[in-house]
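Read the structure below first, then the notes.
Values quoted throughout were computed directly from the atomic coordinates according to the rules given, and no laboratory measurement underlies them. Only a predicted model underlies this, so the values are computations on that prediction, with no experimental measurement involved. Here the Cβ positions follow ideal geometry from the backbone for every residue, glycine too, while neighbour counts run over all protein chains shown.
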Amino acid sequence: MSHLRARIERMVLRYEPAPEDRLFLRPRGGLTTGRVKARILAIQADLVEKLRVIDEHVQELVDRRSVLVDGLRQCRDALGGKDLRFACREPLPGEVHATPIGTREVRGADLRDALRRILREAARPLTIEEADRGLRARGMHAPAPVAKLISNAFATEVRRGRARRVGLGEYVSAEGAGG
């Protein structure tokens with residue numbers, strides 16, 4: 001697991017262009033053509049490929065986490081503490097809403113845009129909690145009260161015709177892959 005984290009950190013945390021590429025990545029006023037444009041496009045393609053690899057690793061980690069949370073729920077249920085409000089048990093990771101370090105707070109139009117992208121990518125109905133986890137997985141978080149803000153953002157998107165409410169606290173994209 002640590003080798004995966006180290007690999008992702010090397011690829012992501014600091015993007016430093018190669019010394020020979022710095023000349024190509026200087027801001028320009030006007031159109032770029034020829035060799036410069038070709039090199040910039042090659043650098044861009046390389047960065048997009050690195051991003052795709054990171055996304056695959058993130059999805060793998062999300063899948064692993066889901067399996068572990070399901071196992072913890074089975075253990076909890078076997079102990080007889082399922083859905084008891086006043087039970088003295090440790091909360092499961094899916095029930096704890098800790099804000100990861102390094103996430104940025106989003107609200108208003110930025111929150112609605114991020115939630116709309118998450119709905120489109122999911123291509124299935126999402127609950128408010130799943131949408132919140134999707135935000136956190138993408139390095140963002142809504143300020144407290146999280147469920148209310150996300151619900152209000154979805155309500156705005158429903159009014160504008162960009163999302164549909166399919167159940168209590170469940171929404172699906174009305175555009176793209178999820179609609």
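Points worth noting:
- Burial order of peptide ranges 154-164, 117-127, 46-56 (average beta-carbon count within 10 Å, highest first): 117-127, 154-164, 46-56
- Each principal axis of the Cα cloud of the range 111-179 was evaluated for its coordinate range; sorted largest first, these ranges are 27, 20, 18 Å.
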